[in-house]
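Every number here is computed from the coordinates shown, using simple stated rules; none is lab data. From a predicted model like this one, the values you see are computed outputs, not experimental measurements. For neighbour counting, all protein chains shown are included, and Cβ atoms are generated from backbone atoms with ideal geometry for every residue, glycine included.
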Amino acid sequence: MRRLVVGNWKMNGMASDLGALGPVYEAAAPRGAAEVAICPPATLIAALAGAAAGRIWVGGQDCHAAAKGAHTGEISAPMLIDAGARRVILGHSERRRDRAEDDAAIGAKIAAAQAAGLGVILCVGETEAERDAGRTGDVVAAQFRAALAAAGPVDPARLDLAYEPVWAIGTGRVPAMADIAAVHALLAREIAGAFGAAGQGVRILYGGSVTGANAAEIFAVPGVGGALVGGASLKPEEFARIIRAA
Ligand code: PEP
């Protein structure tokens, strides 16, 4: 299965940054290279989709559960498609934290995104307190099950997961490789339980302080189907290094 490397720019990036992505396009170009997506802020989706011209995927960082309506400041899944996005990150821990997004809300967004034709990258992950309490497995399984239950029928052909320990995001801290392997194995069992053989194409990305320096070690962990990359995706040369490692 081809790995998927996704850059999450969060609330960073200006139009003037798009011209520096040459190394990313080059790293994504060779036959057999990993699939690559960048999820810029919504202001840059159309411009990046135009500039990338199919060399990488472009994605959104969130979408609303409704297709349109009186929701000031929100962006719908059909609007992401219209702007050139083909994927969307849902359930990122920063939105769970900052916007109090719960599994029911995330499930509704999964349904809306898939109905519009977007591929979903669903994020799950435990906090440091949950990890210290030995609850990592329970937490990520519960997040996955609850989001799926709230979504209704989910098409596994348009679904990938990202295991992102909250305490590893933007901190420079990374779990032990054995711990990443254990969570990915657990999520693979969850996917098999939910979708059976149809779930075999669902990739499980790792996210949390992935860099050019640690990417190869992380991709060597069994069950790691790619990476969701925050900070390092803002540096084209370093993001390209991660893509090459994948
Ligand atoms: C993220 O926010 O999804 C992320 C993984 O961030 P970082 O790579 O900066 O830890």
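Taking the mean number of other Cβ atoms within 10 Å as a proxy for protection, how do you rank 14-26, 203-215, 42-54 from highest to lowest?
The packing order, highest mean first, is 203-215, 42-54, 14-26.
Give me D for the stretch 126-246 in µm² s⁻¹, whole number, from Stokes-Einstein with Rh from the Kirkwood sum over alpha-carbon pairs, 20 °C and 1.002 mPa s.
This corresponds to a translational diffusion coefficient of 144 µm²/s.
Length gain on complete extension for the stretch ALA129 to LEU18, per 0.36 nm per residue less the alpha carbon to alpha carbon distance?
Full extension from ALA129 to LEU18 adds 36.2 nm.
Give the long-range amide H neighbours of GLU101: residues separated by 5 or more places, or on another chain, with amide H under 5 Å away, using H modelled in the peptide plane at 1.01 Å from N.
Counting only residues 5 or more places away or on other chains, the set is ARG96.
In whole Hz, what ³J(HN,Hα) sequence does the stretch 131-140 give by Karplus (6.51, -1.76, 1.60; θ = phi - 60°), x for Gly and Pro?
So the J values, rounded to whole Hz, are 5, 4, 7, x, 9, 3, x, 4, 5, 5.
Over the Cα atoms of the stretch 1-74, how large are the radius of gyration and the largest Cα-Cα distance (Dmax), in Å?
13.8, 45
Based on alpha-carbon centroids, what's the gap between the stretch 215-232 and the stretch 98-120 in Å, whole number please?
24 Å
How fast does the stretch 169-218 diffuse by Stokes-Einstein, in µm²/s, taking the Kirkwood radius from C-alpha pairs at 37 °C and 0.692 mPa s?
Value of D from the Cα-based Kirkwood radius: 270 µm²/s.
Mind checking the full-extension length gain between ALA115 and LYS235? Use 0.36 nm per residue of separation minus the Cα-Cα distance, one decimal, nm.
39.9 nm
In whole angstrom, how long is each semi-axis of the equivalent ellipsoid of the chain, when you take the square root of 5 times every eigenvalue of its Cα gyration tensor and sort them from largest down?
Taking √(5λ) for each eigenvalue gives 24, 23, 17 Å, largest first.
Grab the Cα-Cα distance for ALA53 and ARG173, subtract it from 0.36 nm times how many residues apart they are, and report the gain in nm with one decimal.
Using 0.36 nm per residue and subtracting the Cα-Cα distance, I get 39.7 nm.
Treat the count of other C-beta atoms within 10 Å as a stand-in for reagent exposure and order ARG99, ARG87, ARG241 from fewest to most.
In order of increasing Cβ crowding within 10 Å: ARG99, ARG241, ARG87.
Take the alpha carbon atoms of the stretch 67-84, find their center, do the same for the stretch 179-214, and report the distance between the two centers in whole angstrom.
29 Å
So who's got an amide H within less than 5 Å of the one on ILE89, skipping anything under 5 residues away but keeping other chains? H placed 1.01 Å off N, in plane.
When sequence neighbours closer than 5 places are left aside, the close amide H contacts are GLY60, GLN61, ASP62, ILE121.
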